[in-house]
Structures are given as structure tokens and as C-alpha cells.
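First the structure, in the form of C-alpha cells, and then the observations on it.
The values are calculated or read from the model by the stated rules, or taken from the named source; none is laboratory data. Everything numeric in this text was worked out from a predicted model, so none of it was measured. All Cβ positions, even for glycine, are placed from backbone atoms using ideal geometry, and neighbour counts span all protein chains on display. The protein model used for the area step is the full one, side chains on, heavy atoms only, and it has no ligands, DNA or RNA in it. Shrake-Rupley method; radii C 1.70, N 1.55, O 1.52, S 1.80 Å.
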Amino acid sequence: MRLAVLESIKLAAHGARAQAKEPPRKALRCGVLALMLMFAAGLVPLPLAAQTPETSSYTLAKPWDSFFSTAFSTSGKCYAVGAEGALLTSTDGGKTWSRRTIAQRGDLSWWDLFSIRFTPDGNAGWIGGENGLILKTTDGGVTWNSQPSGTTENIFRIDAVSASTAYASGSNGLLMSTTDGGAHWQQQIQKSGLIFFDIAFPDAQHGWAVGEFETILHTSDAGKTWTPQMGGKRANFKLPALFAVRFADAQHGWAVGQGGTLLRTDNGGANWQTITAPSDSPMYSVVYAGGSTGGAPSQLWGSGDGGALLRMGIAGGSPRIQTPTVFSLSDIAFDGSNGVAVGLGGTIVHTSDGGAHWKVVTGN
Amino acid sequence: MGRFILRHRAIIGIALLLITGVFGYYASKMAIGTSFIDFFPKHHPYVELYHNYERYGGAQRLTLMVQVKHGDIYNYKTLRKIQDLTYDVDLLPDVNHQSIRSLGSFRVRYAVALPGNLVYKAYMYPNVPADPAAIQEIKRQVFIHRLEMRSLVSDDGRSAAVVASFYEGRLNYHDVFYKIQDLIKKYSDDNTVIYAAGEPVIRGYGYYYLPLLVIIFFLSDGIMILILYLFFRGRSTWWAPIITGLLSTIWGIGFIGMQGYEFDPVMLVIRFILTARDMSHGIQWQGRYYDELENHGYDKMAACEVTTTLMLPPGLLAILADIAGIVFISFGGIPSLGHVASSGAVWLGGSLTMVFVFQPIMMSYLPTPKPLPARKEKRKWFTAIENKLVEFPTKPGLAREGALVAVGVLIVVGFVAGVRAKIGYTEPGTPLYRHNAKVNKDINAVRQVFPLDEGWLIVRARASTAISAAYTPDMLAPEVIRLQRDLGRYLLQDPEVVSIISVAPDIIEPYNQMFHYGNPKYLGVPRMPDDVMGLYFLFVQGTAPGEAEEWINLNTNDGILRVLLSDHTYKTLNNVQARLAEFIHRRQWDPALKKVEIVYMGGVAGLYAAANDVLYQLDFINITFVLGVVFLFCAVVYRSIVAGVLFVISCIAANFAAFIYMRIADIGITIDTIPVISLGIGLGVDYGIYAVSRICDECAEGKRLENAIVTALRGTGAAVLATFSVIVGGLAPWVFSPVLFHNEMSVLLIILMSTNVIVGLLILPAYIAWARPRFIFGGVAEDEQRKETMAAASS
């Protein structure tokens, strides 16, 4: 027992010395308390990591984009429109493009744009779209303002004759015209209810509209009355639909459509001659090209299914097909040696040598 | 307590053996298997959505990728392989025949408009064309429809996928896995490689590795037994902890069998930890028993009684902490964690009963162990190290105070790492197996090309409708279809969203175009409700029975939009959910949302997102509760709030090391890792409890604190080190497991055990020696207790 007491006295003395060397306990206790408080704060579940969606990796065109129409306004300046308000602009003849979105339907929703055409001077132009949408520009495509169309049908084409006069065609028998720059649109609805995919007016009086059941309607009084040159009523489903029509003047014109249909007239549509197409693929668009400035065109181009581009001389000769892409090309436009065709799969193809070579800008 | 147990040792012993017999019976009924759905929180809206719309396919999706080394797939031989493989997948057990899709499937088609006709064409069904021109046409059509075909044929044309879903619940992973392996062998050749990905393959690999896992299990058991033998130096009853460990294992496994839970091979490591815990408590008891035998002149009954009385309070405390660690993981509502929690609690309860009740009874019946021969002189260097370690806590100075500060720093760093812990899977592929394992190589090869994870958005009509010729159901209203199209396109802008499968882009729009002479301007949603309904039923007409219900249900009350994702990492899932929320928020103006609601997110991606939602909160709630229990029990047992706080801090210090390791090793908090982390918290505190209790006991016998600490560390400390060695020795073979989860978790546990030993044997005693808390001296000042003890001794 005595030994134990002695031992404890020794240890007590050692403890007292040890205590003198220790750091201030208060500070350490405060530190421990602070650490505990930090932990306690950590017990409250924290919000998950910042939920910011990543931005899109697509810029110009997405694989699900559909471009429906293209047109040159002034020299070198080209536009294309498509689904979901897509409006693409090129200032170098179609080599490079920028994109914006117009015609908003609501947040995160836009109307589809089916057609873009400019007047010959390139300043005025119209866009026709879904649900009766009409947009007009008077500054070569920089700004676009909506116009009341008075219809909810889809407008597949607006052909701009001048800044004041334009003609439109669309779904469910829709044919329309304006003579006051689009402030008012007069409808000439066809009772047949046929879809008119295209309309062409080489001048303010003479025009042709094409559509389902191999229909070609003609007017020679600025759209007041329309008479069928072919089709015109719901008939045999095996009759091919006509998708596009172009006239160089009131006499010479072409119409193309389903099943590789190629029709030509040299007498204002009194007779339509069938041209043997190189394939039975549908053609969705047709355009004149190749003429010298102000002169008569020398070539005819068509764009169609599976990326087909059809080329033939106006004077004659067999049509030839090129396929720079596999995606259907909805529309084609030329300005001198620059040519642009647009289509599904976000496709834009471009030529700068009059169509000898085509380069895919987007879509592959 | 010890006296009571020994007085009724026969009755209690027989009762315990009978209970063990009952558990043993149920243990024999236990099935080995994996229930995938049990890994996700049962009541989470995403999981409920998954269950409610299971008819749209399950998470058990298999993707077999046929990839050529040279050239592309567009040749007769490879196309034939794709088609034959499709047919063979159709023969796999429990496959959903409606779900099989590939380039060679008749369900994968495109439509062609001809004048007066609409033709649907399968790409290559029933026969693969041998004509090169026809094969080139297949290639061309695939490219044209690449948006829809992206989930089946790669853009570069080198790879094609055969995709199938299996019926959840009745799927036998073992059988399917081996049949898939046979298919891989059958269709591989010099130029063709077949990769397999998907849950049936991932879970199936568990069976593939099972024999190796069993070897590891027995190897680790062998190592544990060897260490145990060496530690007790071959005394006559050295094996007692093995018996008690075995019996409590029977309780645990018996409970699993009784409840009808399945024993998942991948979760073997958790069961192993529980076994190791049993043995650890047994060793503590046995070590103290030998000490008490020496103290009581080899009177085994006295030694049993004293050991039980002294060891029961810290043992109870330690096991309750273990149970708390495991019970709270069931709070997240994840069934598999619930099973681990309930069976683990019973297992540990068995451990408590076996070690602290059955072990003394068993030892009382066994012959008294003989005294050990005198120890040989220890080596000098060993003695020097041992002295240094034992004296460390009692020796004031820079080292001791520095260590206390270092622990503070560790807590801060661990806290930061814990808060920043990644939730869910951090890398593509499965974290269950090693990065270079065949399964992960396959998954990564497939995910480079094809989406592997599918999230479901359910579009649900607000008002119930029925099919009628006079009325277009809300599900087929044009604005509803358009809403789905816009949503899909919005999601597709996220690079991780590979493809969207929904009625809008895959049926209504292309059919609208085809129905209108193929004109591109009609590749959109019709304006008139009748038109949409007409197109949809045109599609339905051409489908096999049940096929149309993969898109919209029969009553046209709900439909599905499938979001195909490249992986199910936390980042991807978070991003998709954020996009969805943003779209729905910004689209509130849309009248379509008055007709339908968009509910997300089902599918396998939804399941993982649900788990992520729960796990983060579960982790913190779990830690909070466990620490709360540690605080409460320690405060009650030691009758001191300071004791409670002290143990909580030591617990935090030791276990936050786990967060630091997880941060460094890039391990996320997942369904697989959370039980291990939770168990680790309970596991670690044991060492401290045993060490501090011994210090209290020694002080109560009148020793000065410094002496008490030295004695406790030489006695209990040695037993704790033995326990530590046994567990670490047992864990070591798991480091070499082919299962990455085992590897990571065993390393994590070794780190946890090491930090807990350091904290329990060095830091806690150091703090006690420095702060001299009153609870160590029975709640009175140190001098008072010593006076009382000396007075008692002298009287």
C-alpha cells in the first residue's frame, strides 16, 4: 500500500509538470466545438449538384431538321427555311450559313416554314408556312413581319411576282392572291379540296397551280378564275401527285412530281408533254438555271427523293441524275453558277460551278 | 448478469441451441439469387412509375453488338449472322418476344409511298438478300433512316445491335447468361466480334465468378482462423470464437431463408463483414476470459462470471452501435438494403447472444484451459515499439497534442469529402466489376456505338377515353403528338441523349409524309385530330399482336416516349431530369398539357435516378442516426454527456477517412457501397468502447489514469489488435476479388479498420489522458475516486 501511495505521488508530480507544457485547453476545446458545429451543419441534406442542362452540341443543322425551301434574294445572298421556324442565311452564295429561328408558336415551339420566294429585284419576299402563316420582308430578308392570311391551312408556296403582287397555294384546295403587298389576301378555295403543292406566275396575270391527282390548274386573269389543264378532281389514286411547277414565261413551263413524272409545255399548258425520266423517284422541285444575266435560261434542274438532282438542257437532251446525298431534297435554287438544294436530315448541298460538282454543307 | 447466466446455464444453453436449430432449418432453405428491382427505393415515384408501366418493357435489357473488324456489316455473311442471332435471341428463356429488335427483325420497318400505294418494308426479312445491289439498297435505306436506326446500326456501318428485353421477376440470370455466352461463341469469327451488355449480363457475371468468390470466402475464413490460433497461442479452447461466430451466422442466414430473401453473390462481402464482427466480439470475450483465468487462479466459473459481467456492457454497446449502423440503411425504402438491415440486425443480435450468453456457457462446460508456458523474452525492438505505442497517449508533448490537432484536420477534410461525395455511378459501365473486366470492356465497346440505358417518359391522358370512330382520344390529339415531338427534340440536344423513340417521330410524322405522296413538307404532325387517329390506326393495322402497345396502350390512355441514353452516370441522369423539368416548366402555355400530363422517369434510367435521389439523403440521415445512437448509448452507459460527445467525435474522425478514400478512388455513394459505409461506422466505434471501458475498469480498481491506460492498452489493446488482425487478414483476399466492388470495399474497410484502431487505441486514450474527463473515474473527480478506492482497499 505504501508503495502504491508513493507511486501515485510521483505520477501526480509528473502530471503537474506535463500540464504546464500543454497548449491552452480553451482554444483546443473551441476548435473541437467549431468542428462539431460544422459537422452538425453537414447533417442537413444539401441540394443536389447544380442542375443546369448542357447546351446543345448542334449548331447549324440537327439530324432531325427538315429544310423545305430555298431561294436567292440579291446576288450571292441565299435563304433557306424549314421545320420549326428554321431560317438559314448565306451571304456567299450558299457556301457558309448562319441560322436563326423565327415564327414562334409558344415557348420552345415554332411553326414550320414551307416556302420562301423573293421578287425578281430581291428586296421583297414571302415565307409561307404552317397553319396559314405568312411572313413578308421588304429589305431582302433581313426582317420578316407576319401578315394576316385568313386561313389555317398550310401554305406550301407563295410566288412573289412583285412587291405588291403574290400568289399562294396550299392544303385543302387553298389558292390565294394579294395585290396590295399582302395586307389583304383573297382566297380562291377550290371545292375539290385538293392539295396544291406549288404555284407559278411568270407574270401578274398568268399562273399555274399543281397538286394531287396530276392536277394542273391555270389562270389567265390573275387568279380570279382557275381552269384545269389536267386533273382537277379526286380521281384514281394511281395518278401521280405533281409537286412543283415553273414557267420561264407565259408559254414555256415544266411540272414535276411523284413517280418521276416530268411534264413540259411550250404553249402555255394547252398541251403537256411527258418526258421520260431517268428514274421513278419523285421530284419535289424544279428551277431554271444557266442563263446569262437577263437572258433566257439554258438548263432545268430538279431536286427529289433520295438526294436526286436532275439536270437537263432546255433545248433538249436526256435528263441526267446526280445524288450528292441520300436525303430527299425538297427545293433547289440557282443564282448564276451558285446553286443550293435543301432537304431532310438537315441537308444543304451547294455548287459553285453551275452544278458540275456539289458539296454537302450539312446533313451527312 | 454473469452469475445469472451460469446459474441457469443448462436451460439457457439448450434454448439457444434449439433456436439455432430452427434458424439452421431455414438457412438450408435460403436461395442464391439476385432481384434487380430490389436494389431501388420501392416507394420512389420513379420506381412506382416503372412498376405501373412495366408493360412497356423492363430494365432487363440485353444488347448484343455484332461488330466487324474490317469493312462493314453490309455483306451477306454478316447480315446473315445478324438475322440468325436475332432468331436465336428470340429462343432465349424468359425473353419478351415483342421486344426483340434488330436490322433483321420484321418489327423494324420503313414505309415507301408509291402512286396509289403505301408499302411497308422490313430491311431484310424474311431473307437476307445475296445480291450485292440489294445489299447496297439496305445500306442506303439504313442511312436514310439513320435517325430511327441509330439504336440498331452504327453510323459507320461497322456495328449492328440485337436488342431484347426479358421478363422481370422470372428471369434466371444464370441460365440466360450462359446461353448468351454460347451465342457469342457461335457467332464470333476472325472478322466478327460479339459484345454483350445489359443487366442480364452484368448480374450473370456474379454466377460466373461465384466459384472464385467461394474460394476467396474460404481462404479469408482460413486466414482468420490461423490468426486466431496464433493469437491465442493454441490454448485448448482457442476455437471458441469460431463456434460462436458460426452459430450467429446460422441465425443471420436462417433469418434470410425465413424471410424468403435471396442471397446475392455480389453482396457476399457484406455477409463476410458480419461474420468477421461475430468473431471479433468473440475474440474480445475470449481474450478477457484468459486474462481473468489468470487473475482468478484458473477458476473457470469465476472467470466466466467476471468476464461476462465486465464484457457485457461494452459488448452490448458495441453491438448496438453495429446494429444501429445497419438498421438505419433501411430508411431509404430500398428493399435490398432493407433485407441487409433486417437480416444484419438479427445476425448481430445473434452475435450478442452467442458471444455474451452462449460463449460463457460453452466455456463453463469445457475443460479449463491450462496456463501457457512462460513466454520467451520478446525481441528488444518489439518491446521498444510496444512501449512507445503504449506510452504515447500518456506522454504529454508535441507528438500527442499534434496527433489531436491532426485528428481535427482529418475531420474537416473528411467532412468536405463527405459533402462532395459523388452520388450514383461515376463512370459508365458497371462498378461491380473491374474496369478491365470483360463485362466492362463489352459495355464500353457497346456504349461507344449504341445507347444502353433507357428512360421512360409516360404521357398520360388526364381524362380516361375509349376508342371510338367518332372521337379522337386525347392521346392522339395533334397538339399532344406535337408536344411529344418537341420534347424529344429538346432532349436530343443533350449529347448524352442518343435517340428518342416515340409515336411522334417514329409513327405519325413518317406516316403523314408517306400518306401524302412522300412529300417532305408533310413530314410533320397533321393539323386535324382525325388525320392523326387515321395514321395511327393505319400503323396499328400493319403490326403484330401486342406490338402497337409498345407505343400507346390499347385504350389509348397513355403512351411512352423512350429516351435512349449512353449511360446512367449521375451527370447524365441529372442532366436529363433537369432538361425535362425545364421543358415542362416552359411549356405550361401549351393546351396539350391540359389534355395530358408527362410523368417521368421510368425505365432503367429512372430506377438509377430514383436510387440517386434517395442515397444522398440516406447517407446523411444514416450517419446522423448512427452517431445519435452512439451518443445516446455511450452517454447512458458511461453516465456522461462528455463520453457521448467523445465517442461521436472519435467515430467521425475514424470514419471520415472513408469519405477521403472514396473521394480519392472516385467511388460514389451507391446502393452497393452504402451498406459497407454504414457498417463501417458501427464497426469502428467498438475498438474505442472496449479500450475506454477497460480504462474505466482499471481506474475503478484504484490505478492512476496513466497506469490504467497502459494496462488497458497492454490487455484490451492487444485483443483489439488481434481482432483487427483477424478482420484485416480476412479482408485481404477480397482485395484480389474479380469483383471490383469487393476489391474497393475491402480496401475501404481495411482503411476504416486501421483508422479506427489508431483512434481507439491511441487518439481516444491520448485525449482521455490529456482532458481527464470525469466519466472515466465514475463521474467524480479523479482524486475523489482514488481516495474512495484507497479507503475501500484499506478497510
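Expressed in units of 2.2 N^0.38 Å, where N is the residue count, the Cα radius of gyration of the stretch A:181-227 is 1.14.
Per-residue 3J(HN,Hα) values for the stretch B:722-732, derived from phi via the Karplus relation 6.51 cos²θ - 1.76 cosθ + 1.60 with θ = phi - 60°, read 5, 4, 4, 5, 4, 5, 5, x, x, 6, 3 Hz in sequence order (x marks Gly and Pro).
For the stretch B:505-521, a reduction of at least 50 Å² in accessible area between the chain on its own and the assembled protein chains (probe 1.4 Å) is found at B:Tyr517, B:Asn519, B:Pro520, B:Lys521.
With charges set only on the Cβ (+1 for Lys and Arg, -1 for Asp and Glu), what does the dipole of chain B come to about its Cα centre, in debye to the nearest 20? The partial results should precede the final answer.
Numbers: 70 positive and 68 negative charges, 286 e Å.
That gives a dipole near 1380 debye.
Taking every alpha-carbon pair within the stretch B:250-351, the share separated by more than 16 Å comes to 61 percent.
Placing unit charges on C-beta atoms (Lys and Arg positive, Asp and Glu negative, everything else neutral), compute the dipole magnitude of the protein assembly as shown about its Cα centre in debye, rounded to 20. Let's see the in-between values first.
Numbers: 96 positive and 94 negative charges, 739 e Å.
Using Cβ point charges on Lys, Arg, Asp and Glu, the protein assembly as shown gives about 3540 debye.
Working value for the stretch A:225-296: equivalent-ellipsoid semi-axes of 23, 17, 10 Å, each the square root of 5 times a Cα gyration tensor eigenvalue, largest first. The string of couplings for the stretch B:554-571 from the Karplus curve (6.51, -1.76, 1.60, θ = phi - 60°) is 4, 7, 6, 9, 8, x, 10, 10, 8, 9, 8, 10, 6, 6, 10, 6, 4, 4 Hz, one whole number per residue in order, with x for Gly and Pro. Shape summary of the stretch B:132-232, radius of gyration then Dmax from alpha carbon positions: 22.5, 81 Å. The convex hull defined by the C-alpha atoms of the stretch B:718-778 has an orientation-averaged projected area of 4.9 nm². For the stretch B:415-434, a reduction of at least 20 Å² in accessible area between the chain on its own and the assembled protein chains (probe 1.4 Å) is found at B:Phe415, B:Val419.
Of the whole protein surface, B:Asp531 contributes about 70 Å² of accessible area at a 1.4 Å probe radius.
You can think of it this way: the chain between B:Ala134 and B:Asn191 has 18.3 nm of extra reach, that is 0.36 nm per residue less the Cα-Cα gap. Peptide B:399-410 has a mean of 2 when you count, residue by residue, the C-beta atoms of other protein chains within 10 Å of its C-beta.
Compute the signed sum of charges (Lys and Arg +1, Asp and Glu -1) over the other residues within less than 11 Å, Cβ to Cβ, of B:Asp666.
It works out to a net charge of 0.
Counted by Cβ distance under 11 Å from B:Val563, the other residues give a net charge of -2, where Lys and Arg count +1 and Asp and Glu count -1.
Chain A packed on chain B takes about 6600 Å² of accessible surface away from a 1.4 Å probe, both sides summed.
Projected onto its three principal axes, the C-alpha set of the stretch B:251-302 covers 49, 21, 8 Å, listed from the longest axis down.
Expressed to the nearest 5 percent, the antiparallel share of DSSP beta bridges inside the protein assembly as shown is 100 percent. Computed over protein heavy atoms with a 1.4 Å probe, the carbon and sulfur contribution to the accessible area of the stretch A:139-273 reaches 50%. Over the stretch A:155-286, the fraction of Cα-Cα pairs per 5 Å bin, rounded to whole percents and listed from the shortest bin up, is 2, 12, 23, 26, 20, 11, 4, 2, 0. Ligands, DNA and RNA left out, the accessible area of chain B computed with a 1.4 Å probe is 62% carbon and sulfur. Each of the peptides B:532-541, B:712-721 was scored by the mean count of other Cβ atoms within 10 Å over its residues; in descending order, highest first, they stand as B:712-721, B:532-541.
Set against the 2.2 N^0.38 Å expectation for a compact globular protein, the stretch B:291-357 has a Cα radius of gyration ratio of 1.50. Cross-link partners of B:Lys395 among aspartates and glutamates, defined as those whose alpha carbon lies under 17 angstrom from its own and excluding same-chain residues fewer than eight positions apart: A:Glu7, A:Glu22, B:Glu386, B:Glu706.
Roughly what percent of Cα-Cα pairs across the stretch B:35-129 reach past 23 Å? Counting pairs separated by more than 23 Å, the tail of P(r) holds 46 percent. Here the stretch B:281-407 yields Rg over Rh of 1.12, to two decimals, using C-alpha coordinates and the Kirkwood radius. Shown for the protein assembly as shown is the translational diffusion coefficient from the Stokes-Einstein equation, using the Kirkwood radius over Cα pairs, a temperature of 25 °C and a viscosity of 0.890 mPa s: 70 µm²/s. Gap in Å between the Cα centre of the stretch B:389-453 and the Cα centre of the stretch B:549-575? With the stretch B:549-575 and the stretch B:389-453 each reduced to a Cα centre, they are spaced 33 Å.
Translational diffusion of the stretch B:407-551, estimated by Stokes-Einstein from the Kirkwood radius over alpha carbon pairs at 20 °C in a medium of 1.002 mPa s, is 112 µm² per second. Averaged over the residues of peptide A:62-70, the number of Cβ atoms from other protein chains lying within 10 Å of each residue's Cβ is 4.
Under a 5 Å amide H cut-off, with hydrogens placed 1.01 Å from N, B:Arg434 pairs with B:Leu740 among residues at least 5 apart or on other chains. The smallest convex shape that holds all Cα atoms of chain B, its convex hull, gives 187 Å³ per residue.
Ligands, DNA and RNA aside, B:Thr86 has an accessible area near 10 Å² when probed at 1.4 Å. When Rg and the Kirkwood Rh are both derived from Cα coordinates, the Rg/Rh ratio for the stretch B:180-302 amounts to 1.23.
In this label model, B:Ala544 and B:Gln617 are separated by 4.3 nm, measuring between points 7 Å along each Cα→Cβ vector.
Of the peptides A:94-107, B:98-111, B:43-56, how do they stack up when ordered by the mean number of other Cβ atoms within 10 Å, highest first?
Going from most to least packed, we get B:98-111, B:43-56, A:94-107.
Per the Cα gyration tensor, the stretch B:6-79 maps to an equivalent ellipsoid with semi-axes of 55, 22, 10 Å, ordered largest to smallest. Once Rg and the Kirkwood radius are both taken over the C-alpha atoms of the stretch B:126-170, their ratio Rg/Rh works out to 1.12. Remark: mean inter-chain Cβ contacts per residue of A:98-108 equal 3, using a 10 Å Cβ-Cβ cutoff to other protein chain atoms. Rounded to whole numbers, the Karplus 3J(HN,Hα) couplings from phi for the stretch B:577-588 are 5, 5, 5, 4, 4, 5, 4, 5, 5, 6, 9, 4 Hz, using 6.51 cos²θ - 1.76 cosθ + 1.60 with θ = phi - 60°, and x at Gly and Pro. Report note on the peptides B:345-357, B:749-761: ranked by the mean count of other C-beta atoms within 10 Å, highest first, their order is B:345-357, B:749-761. For the protein assembly as shown, the solvent-accessible area of protein heavy atoms averages 38 Å² per residue (probe radius 1.4 Å; ligands and nucleic acids excluded). Measuring against 24 Å, Cα to Cα, the residue pairs A:Lys136/A:Lys191; B:Lys81/B:Lys179; B:Lys370/B:Lys703; A:Lys136/B:Lys594; A:Lys136/A:Lys359; A:Lys233/B:Lys121 contain A:Lys136/A:Lys191; B:Lys370/B:Lys703; A:Lys136/B:Lys594; A:Lys136/A:Lys359; A:Lys233/B:Lys121 as the ones spanning a longer distance.
For A:Phe72, the accessible area of its heavy atoms, probed at 1.4 Å with every protein chain present, is near 30 square angstrom. Of B:Arg462, A:Arg117, B:Arg772, B:Arg80, the order by accessible heavy-atom surface (1.4 Å probe, DNA, RNA and ligands excluded), from most exposed downward, is B:Arg462, B:Arg80, B:Arg772, A:Arg117. The length gained by stretching the chain between B:Asp175 and B:His70 to full extension, at 0.36 nm per residue less their Cα-Cα distance, is 34.5 nm.
On the principal axes of its alpha-carbon atoms, the stretch B:612-684 has extents of 40, 23, 15 Å, going from largest to smallest. Between the residues B:Ala421, B:Leu432, B:Val409, the greatest Cα displacement towards the positive end of the dipole of the stretch B:405-479, with unit charges on the Cβ of Lys, Arg, Asp and Glu, is found for B:Val409.
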